[in-house]
Structure formats: structure tokens, C-alpha cells
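Structure first, commentary second.
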Amino acid sequence: MITFQTVANPDAFEVPIVEWGALSPLLIMALAPILLVTVSSVVPSFKKASLPTVYTAGAALLSAAVTATLWSDNRLLMDGALTIDRFTLVGWLIIAVGVAAIAMLLDNYIVKQGYFEQIIEWNVLLMISAAGGMIVVAAQDLIVLFVGIEVLSIATYVLVGLHLRKPIAQEAAFKYFILGAVSSGVFAYGIALVYGATGSTYLSEIATSGRNSLGLNPVVDSSLMLVGIALMLGGFAFKVGAAPFHSWTPDVYQGAPTPITAYMASAVKVAAALGFARVMHDAFGEFSVDWQPLVSVLAVLSLVAGSFIGLAQKNLKRILAYSSINHVGFILIAIYALDEGVEALLFYSASYAFTVIGSFGILMMMTQTEPVLAESDDEKMVMIGANKIRNLESADGMTLDDLAGASKRHPLLAGLFAVLLFSQAGVPFTVGFWAKLQAILAAVSVEAYLLAGFAILAAVVAAVLYLRIVVAMYLKSDDSEPARTNYSKLSLIAVVACVLLTVGLGIYPEPLSDLVTNAGS
Amino acid sequence: MLELAWLIPGFPLLGALLNLAVGRRLGEPSSGWLAAAASGASFVTTVLVFNELRSLEAGERFHIEKLFDWITVGSFDVDAGLLIDPLSITMALFITGVGSLIHVYSVGYMHGDANFSKFFIYLNLFVTSMLLLVLGDNLLLTFLGWEGVGACSYLLISFWFTDKANATAGKKAFVTNRVGDFGYMLALFLVFESLGSIKYDDIVAGASTLAPVTATAIVLLFLLAATGKSAQLPLFVWLPDAMAGPTPVSALIHAATMVTSGVFLLTRLNPILAEAQVWALGTIAWVGAITALVAATAAVAQNDIKKVLAYSTVSQLGYLFLAIGSGGYVPALFHMITHAFFKALLFLGAGSVIHGMHHEQDMRKMGGLRKLMPITSATFIVGWLAIAGVPPFSGFWSKDEILLYAYNADAVGGKALWVIGLATALITAFYMTRQVLMTFFGKPRFSEDVHPHESPKTMTTPLIVLAGLAAVAGLLNLPFKGMHYLQEWLEPSLFGNEVHLDASSNSKILLALIATLVAVSAILMARKVYGTLGTGSFVPASGSEDEGKPMTVAQKIEKPILARAWGIDEAYSRLFGQLGEKLFHKFASFDRSVIDGAVNGVSKLASGVGTTLRVTQTGYVRNYLQFMAFGVIALGVWLLWRLFI
């Protein structure tokens, strides 16, 4: 017999106060997709053209604007499950602005591919995933964090595979899904062990029941705790794509539609990195002597794997995927430096996010894609012949050789791309220089000289990654004529904004530095 | 008004950007007028700021207008700010004033050039950089301007880059200046190292804490920088070649403004100069004096109308260094201002002649232009009298002041410096008279199909204005009681570091009389040698039919050694061309085998490692899962291992 347990005394269960105002950026990002689904199912004309894009970009920018109004807020929300502080707000800002830029690129991608069927789904999932990311950044409780990570990830799996006519995207989505599911399992197991050791899932409570105040059986409890930390570390390392948990990155980045790759490399990665930093600092701060060496090993491996293996690649998306692994190395250095590295972490995340969005965006815009198949119609799916598939492969398989003469075919795009690549390489007068400098200074300030040295060397090797692309565009010319531009104004606005930020903050980094200061507390 | 000071460099920058955006569409002459208007607006702003500054108490005339935080890295904290004080505003006044006139002149001079609007972009950018150089409130911002003017100078010297000689001249200027910039950077590092700041107000406050040795080193390094930009020995060789650029450029950059930046820098750093050992100042004075003499003698034998003026500029800049080395900052600035007026005037006059003669620059093929180009010749004559030091024209007053300081600078060799200065004055009057006679007087020596004509109003108007200024600028600082306007005005920028002479008025008058006498006798001498000469009276071009005839007086004076600027240029080419070349080849082969070898080795290693590691990327999910599993296990084992040890 089934009995329904009811709350005997309603007063015993306290409904937490919901701070609607402080949560509004998150709520906008979570409710906007629901509204979009509803409206577009009632009004079919909404599916056409750039309307969903404008809607998504508008919602994301609104969320960013509301975030900006909360600037000086610093408190716990939802009975301590979420927190809103400078750290959260910077993360929200990065994610929200990133989503706006990616929606603008996505619109162009859909037009170029002639693939309008899923236009609503793409935008909806993008926003839902971003809302998950915003939860990750703000979470103060491991369960909430886990929910955020799953919302973020599951939507992303679907986004990767949503281009139903691209087998390579399907493969990527499937790989990402399997590996992601395993890593989520590892992560959840870690949460369970930590809960077992401390009896709490709140970061602040875990911190206070740390090493010196564990229960009756210190050895058992602290081994539970340490294994839990190890498992969570592994889970986070997968999400941010740190070596040796990086192996999915090149395959998935290559296979995914390029704007989605940009999204994974920017907003997803930043959300995971910030969540990572928050948990490691706030919950496991007392165990930092234990996990810091591991983070430094992950950093070094990421730096090495990202720069060295990247050199052996020819495919541009794979090169940029390895470059993102290299960037993770720098982000991990900032996490390693604990309090000294918080500003560097936020500075690096922000500058890295728009640099990488711009880079993938330009790559997408440069790719000459004819509409793959005739308009819509499911039966055309069957008609994918060998020829068509090869076409698709090359569409997302642009190699260094294909770039030869790009400076003549697309003088504007090549110039913008070069600027972004210089920034990724850390050339002075771009924001990438200041980001790398801050990360290295953070390592120096905690006397991790070896790590700083590694970072400098890896930056040198990685510079070759980027310069190879510039060389391919500018020095390996052929007799190309300026090509017909087949990119939209919206996407151009998005990448130009990225480039302007890169150069503007490169010459005058103060605004971004101001933004991230005092985020340490 | 002071808070609007950013508009001073802002206007020309805006002008350059506007021309960059729409210059080609505006075309000729609108884009030129746009640039001139930008420069003019900057001048008006400067005048307003100047008025505001004048209304302040003398003690408060050292105002820093912070614009924004520029760079903050550790203890290295630099703002972008403008330093408004009498020194910077004086510089800004004549930069924007003379600059605006030259912009107007250029509208006429560059008529018909294919890259008309590009020229004005560069010109505006130059003015911006120069203003940043003088207005910057720290050494780094000044350096930004310093490099900016260097870059603009390079671009403008080789403006007609399709001619190889012009491109080479541009490169020569660039490379020579780099040597000086090297000194600037080292000095900047040294200042930061010893004072912990590179802001001028901190330097002023902290200079007295510097050890004399440190201060001396800083001064000598900045002197190296200054010899590059201000074309002094040993780095002056680029300036004569820089005449390859359009004449307005020679007037603006290579006579009136950029080349004075070295002198400005030394003046700005007067608190450090005051701490340095005496011989550092002596070095400055002697570098200046010797440069002045050498360049003046070289100018005697030049036949290119612009080359004469180029060597003359080097020589006059030498005076400025002589003044600073003798502790006379005010005379240095005084002469800098008068020189800016009369040398810009002479250059623009020369440009007008070149324009009228259809791009003929050889003075041997001129003569008698006085009647054909009345305005140009009249104004040029004013400039000549000014530079020759004939009272009451401006050059007389300022040069006399420098000689007075040199005469009294006993610590660094006063009387000898004075003699050299006086000799230079003599030669200056001589070669300038020679130039005027060869160009404007005597019989025409140009061929009959050349029809010289007076230049358009856009060119003559600036000439007239500059002639007026060159004539009366001496009023700025007359050596009579109560008329030291410039001295009183500049006082707040010098912090009492300038030498106050208590020379008796008798000795002042005596020195002035000697100087006047020297100038007049030099003019008479030149008239005797050059006044009556015809076509065949000059050193013949090799291969001409006059070669081998007995030499005239003029030819004996213009000995070939002089024609080649004392052989310094040749000595440089020989040093770098032969001995240096061998050395460079050695370096190059070292670079190829050892350094490139190492670099290539590293890159081979890197791509080798990459290719090897790439094998791990199989594309199979099962392999990826293995990595993850091993990774997690490794993490767990490490943490537990720490626990149980």
C-alpha cells in the first residue's frame, strides 16, 4: 500500500526566502528559452530569419545588464544555496555576454548551412545551458552545483549533435555524452564521499569541518574526504578540459558546429573553471597543501599537451582546441595561487572568453560553405551521398593549407583573426598579454617559480601555434581574389566587438582590472 | 581651462583619424585644410591654457592633469597625465603655432601630390606625438611621443619612397635614432631603479636623494638619447640626409620642433642635471660646442639650398647644448624659440624657391631671384639677418645670451667655449650670406627654359608671419633690467637650477659688441668672396668643362673635405661598411649556426614530442575513458599516499 507522506506540520518546513531581484539575471536566462519555445510553437513565423537570434541576444544582454546593476551586492541567496558576490557577477557577465555573441554567430551559421529546421532549439538550448552555467558560478552547495553542471552539460551534448545532417557532429555529441556522463558519475561520487566525511554539502560547512575538526575516526573520515576531493578534482578537470582529462576536447570541438565550439570553449569552460575555483577555495581551502600539487601537475600537463600536440595538427579547429587546453593551463595556475590568483583567474577567464569566441567566429565566417542540401525536407536526409558527406567534412575540416591566401580573399577577416591570434599568443598591446602576465605574476607571488617558468616556456611554444595560422594567411599567398563575403552583419558585429575589446583592453587594461579587483573575498 | 589640456594633443589626433577615415574622399585641398584646422584648434587651446596658467601664482604653475591610470604592474604605476607648466606650455605654443603655419604652407606646397591626404595624416600625427612628448607627465609618456615623432619623421623623410635615395635617408634616420633611443630606455630604467618612479613630480622631489654617480650616469644616457634626436656629434649624420623629405617636413620636424626634443628633455630633467658631477655638464657643453663648429664649417661648402640649412640646424642645435652645459636653460629655450621661427622661415623660403624653380635645389643654378620672387626673398633676408646675429633681429639676442653664459661657465671651460661659439657665429654669418648671395643676388645662372615664379598665397602668408616673428622674437627676453620675460616665466619649471649670472653690464655690452662686430665682418667677407661671382666661380661638378681651371677664393674655401662634412659620413660608412661588415658577417654566421640551430632544434623537438603524443588521440571513446580512469586513480592515490605518510 502506498502512503503519501505529507508534511504534518507546515510550519516545520521553512520555505526559504527567494531573492527575486538578485536572482533575476539567472531567471531571465532560464525563463527566456521557455517563452521562446511557447511563442514559436504558436507563431510559426517566429522560426524564420534572425528573429530568434535577436530574441536570444536581447535576453542575454538584458541578463548582463541586470547583472551589472547588482554590482555591489554581496550576500547569500536561497537559504545559502547560492551566493552573489563579485566573483559570481563577473562570471555571469562573461556567460551572458558570451551567449549574446554566440547567438549572433549561430544565426550566421544556420544561414550558411541552409539549415533552418532547428533554429528555435539551438537558441533555446543555448540559453538553458547558459542558465546552468550561471548556477555553477554562483553555487554554494554541492548538490546545487551538480544540478547546475548537469543543466549546463546535457544541453551542450544536444547542441553539439543538433546538426542532424552532419555525421561528424553526431559522433562528437555521442563521444561527449558518454565521457561526460562518466565524469558526472565520478563527480557525484566525489560529492557523496565528501558528504560522508563532513555531513554537509554546503561549501562553508565543509570548510569548517576540515582537517582539524573531523569526527570520531580521523583516518577514515579524512581518507573519505581526500578520495572525495580527488574524484571531484577529476570531474572538474574533465569539464574544463585539463590534461589528462582533455582527450575529448579536440574530437568534440572539431565535430561540433563552430559556434557551439565557441560556446564550449568560452562560456562552458569559464563556468566550469569558476565553479572549480570556488569549490577548491571555499570548501577545500584547508586541504590546499594536498590538492595544490595536483592542480599544478594538471596545469603543467595541460600547458604541455596543449602547446606540443597542437603543433602536430593541421585542422584549424583542432589547433584551436589544443590552444584552449593550453589556456586551461594558465587558468589552473591562477586557481593554484588561491587568493593571490582570484583576480588573475577572472581577468584571464574574461579576456580568454571573448578572444576565443572571436577566433572561432571568424573561422566560421571564413569557411566557404554552400548550403549543404536543398531546403528542409526530411527525405533529403536519405540523399546524403558520399559526395555530400565529404563536402560537410571539409566544411568543418578547414586546414592550414586551406588558409593560404586568406589575407587576399578576406582581408578584413584575416586582419581581425590575426589580432585575436596575437592576443591568444600573449603579444603586448593585446589583452592576452595582460592575462598571461597576471597568471604568471600570481604564480610568482605564491613562490611557485617552477610553475611560472613552465607557463612562460609553454607560452613560447604555443605562440608558434598561433603564428602558424597567421603565416598561413599572410605569407602563403596564392592568386586569390577577394571573395564574396557570405557572412551576416550580426556575426561581423560580434567578432569586431571581440577584436575591439582585445585591442582596447590591451592598450588600456584598467577597466577590466577594476572589474575583477576585490573579487577575492 | 587646465582640465581641457587634453584637447591640445587631442585635436591633431582627431585630425589624423578623420583624414584617415575620409581623407581620400575629401581630397585636395580639403583634407589639408582639415589638418590645418586641427592644428590651429590645438594652438588656440594652448593659448587659452597659457592664459590660465599665467593667471596662477608662480608657485602653482606646475599642474598635473591626470587623464587615467595607464599601467599598474606591481610597484610600477604609471598614469597617463599631462604636466602643465611654463616649460611644456612654451614648447606647446611654438609647436602648435609654427606647426599650424607649416600646415597652411603645405597645402600649397604639396599641391598635386598623389598622396596629398596621407601627408597630412602624418603631419597631424607628428604634431600629436610631439605634444605628447612635451606635455607628458612622466618619462614613459614622453618616450611614447619620442618614438612617435621618430616614426613620423621616418615616414615623412621617405615620403616619396619610390626614389631609393629617400628610402635610404629614412632608414638612416631611423637606425641612427635607435642608438639614441637605447640610451633613453637605459636611462628610464635607471631612473625607475633609483627613484622608484618615472613621474616628473617624483623626479623633482627625489632628485636630491640621487648619488652623484647615478645622476651622472642618467644624464649621460639621456645625453646619448638627445644627441640622436637633436642631431649632435656623434649621431648627427642623419639630419643632412633627412632633407630628402618634402620641405615643409624639413621645416617642421628637422628644424623647428622634433630636433629640439633632446634639449627639451635635458631641460625637463634639470633637477637631475643639478645633482650630476660637473663633468657631465661639461660633456654636454663640449658636445654642443664642437658640433656647432663642425657643422657650421660643413655648411660653408654645401651647394644644395636645403643642405646648407640642414648643417646650419645641426650647428644651431649645438648652441642649445652649449647653453645647457653652461647652466643656461633659459638662453637655450630662448634660442630654441627664435631658432624655430627663423629656421622654419628659412626652410619654408627655401621650399618656396624650390617650388618656384621647379624642384631645382642646386644654388649654383640660381641667382638673381630677388626680382622674380620678391616676397620670398624679402622674408628670407629677414631670416638671414636673424640667424647671422645682426641686431635687432631675434637671433642676435638669443645667441648673445648663450655666448654670455658660455663665457661665464668657468667650471666647464668657459672662455674656450666662448671662443668656439664666437667662431661658429662668424662662420654662420658667412655661409648664410653666401647662401643669400648665391640664391637671390647676382646674375641669373639658371637655364633659359626655367621660369621662376612667386609662390601662391598659402605659401607666402606663413612666410610673412614667420618673418615678423623672426624679426621681433628677441623681445621675449631682452637683456635689460625688468625685461627678462622668458626667464621669469620659466622660473617655476627650473626649480632654481639655472645659473644666475651677475655679470656687469659693461662686460655684457662688450661681449655684445664683439658678437655684432663678428657678424658684420663675416657678412662683409662673404660679400667680398661671393658678391661678384658668375657661373664659373664655384667648385665645378666633376666632368664639367670648368674642371682643372685654377681655383678661385671661393673654391679654395670650399675644399672637398668640407663638402663632405669633415669626412664624418665617410668615416661612418667605412667603419660600418668594412670593419663592421666583417663583424656583422661573423655575428650572422653565429646566429645561423648556434642560435638558429638551437631554435630549430627546440622546434624540431617540440613538433617531435607533439607527433609522439598525438598517437594517444585515437578517437576511440574507450581509450579516452582509460585516460580518465587512470587520471582519477592517480589523483586519489596521491592524496591517500600523503595521508598515510
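The table below lists the values:
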{"item": "Tabulated pairs, segment A:155-176, first under 18 Å from A:G114 (Cβ atoms), second of a type in the set (F, W, Y), C-beta under 7 angstrom, 6+ apart or interchain", "result": "A:L162/A:W122; A:H163/A:Y115; A:R165/A:Y115"}
{"item": "Helices (runs of 4 or more DSSP H) wholly inside segment B:545-645 that include at least 1 residues being at pLDDT 75 or above and more than 9 Å from chain A (Cβ to nearest Cβ)", "result": "B:580-590, B:596-614, B:621-644"}
{"item": "The one condition in (1) crowded, with 19+ Cβ neighbours inside 10 Å; (2) over 26 Å from the mean Cα position of the chain (by Cα) that B:K443 fails to fulfil", "result": "(1)"}
{"item": "Segment A:302-318, subset more than 9 Å from chain B (Cβ to nearest Cβ) and polar (S, T, N, Q), residue surrounded by the fewest Cβ atoms within 10 Å (Cβ to Cβ)", "result": "A:N315"}
{"item": "Filter result for B:G40 (buried (at least 20 other Cβ atoms within 10 Å of the Cβ) and within 14 Å of chain A (Cβ to nearest Cβ))", "result": "no"}
{"item": "Exclusive hit being touching a Pro at 6+ places or on another chain (Cβ under 7 Å) and either part of a helix (DSSP H, G or I) or within 14 Å of chain B (Cβ to nearest Cβ) (or both), set A:A353, A:A321", "result": "A:A321"}
{"item": "From the options B:E28, B:E52, residue that is away from every other protein chain (no Cβ under 14 Å) and not in a helix (DSSP H, G or I)", "result": "B:E28"}
{"item": "Any hit, segment A:438-451, residues being free of Cβ contacts under 8 Å to residues at least 24 places away in the same chain and aromatic (F, W, Y)", "result": "yes"}
{"item": "Hey, B:W286 part of a helix (DSSP H, G or I) and either at pLDDT 90 or above or closer than 19 Å to B:F334 by Cα (or both) or not", "result": "yes"}
{"item": "Matching entry among A:A472, A:A455 (being modelled with pLDDT under 90, away from chain B (no Cβ under 14 Å) and assigned to a helix (DSSP H, G or I))", "result": "A:A472"}
{"item": "Odd one out for B:D79, checked against (1) of a type outside the set (A, V, I, L, M); (2) in contact with a Phe, Trp or Tyr (Cβ under 7 Å, 6 or more places away or on another chain); (3) more than 14 Å from chain A (Cβ to nearest Cβ)", "result": "(3)"}
{"item": "Some residue of segment A:90-108 being closer than 18 Å to A:L27 by Cβ and free of Cβ contacts under 8 Å to residues at least 24 places away in the same chain", "result": "no"}
{"item": "Residue check for B:A167: outside the structural domain of B:N19 (by TED's automatic domain parsing) and crowded, with 19+ Cβ neighbours inside 10 Å", "result": "no"}
{"item": "Subset of segment B:287-338 [among the aromatic types (F, W, Y) and more than 21 Å from B:P240 (Cα to Cα)]", "result": "B:Y329, B:F334"}
{"item": "In segment A:227-245, the residues that are more than 15 Å from A:R278 (Cα to Cα), more than 7 Å from chain B (Cβ to nearest Cβ) and at pLDDT 90 or above", "result": "A:G228, A:G241, A:A242"}
{"item": "Residues being surrounded by 24 or more Cβ atoms within 10 Å (Cβ to Cβ) and more than 12 Å from chain B (Cβ to nearest Cβ) - total across segment A:281-301", "result": "2"}
{"item": "Test for A:H327: is it crowded, with 24+ Cβ neighbours inside 10 Å and within 13 Å of the chain's Cα centre (by Cα)", "result": "yes"}
{"item": "Residues of segment B:394-420 that turn out to be modelled with pLDDT under 85 and assigned to a helix (DSSP H, G or I), as a count", "result": "6"}
{"item": "Test: residue in segment B:240-252 that is buried (at least 21 other Cβ atoms within 10 Å of the Cβ), modelled with pLDDT under 90 and among the hydroxyl-bearing types (S, T, Y)", "result": "yes"}
{"item": "Test result for B:M438, of a type in the set (A, V, I, L, M, F, W, C), buried (at least 19 other Cβ atoms within 10 Å of the Cβ) and on the phi < 0 side of the Ramachandran plot", "result": "yes"}
{"item": "Some residue of segment B:349-372 being assigned to a loop (DSSP other than H, G, I, E, B), hydrophobic (A, V, I, L, M, F, W, C) and under 24 Å from B:V249 (Cβ atoms)", "result": "yes"}
{"item": "Unique residue being among the polar types (S, T, N, Q), outside any loop (DSSP other than H, G, I, E, B), buried (at least 24 other Cβ atoms within 10 Å of the Cβ) and more than 14 Å from the chain's Cα centre (by Cα) when the list is B:T260, B:T267", "result": "B:T267"}
{"item": "Of all residues in segment A:147-189 being away from chain B (no Cβ under 14 Å), closer than 21 Å to A:A262 by Cβ and charged (D, E, K, R), the one that is farthest from the chain's Cα centre (by Cα)", "result": "A:R165"}
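Conditions tested, residue by residue: (1) surrounded by fewer than 24 Cβ atoms within 10 Å (Cβ to Cβ); (2) modelled with pLDDT of 85 or more; (3) in contact with a strand residue (DSSP E or B) (Cβ under 7 Å, 6 or more places away or on another chain); (4) of a type in the set (F, W, Y).
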position: B:T338; (1), (2), (3), (4): no, yes, no, no
position: B:G351; (1), (2), (3), (4): no, yes, no, no
position: B:R364; (1), (2), (3), (4): yes, no, no, no
position: B:S377; (1), (2), (3), (4): yes, yes, no, no
position: B:A388; (1), (2), (3), (4): no, yes, no, no
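The values are calculated or read from the model by the stated rules, or taken from the named source; none is laboratory data. No experiment lies behind these values; they were computed from the predicted model shown. Don't worry about glycine lacking a Cβ; one is built from the backbone with ideal geometry, like all the others, and counts go over all protein chains shown.
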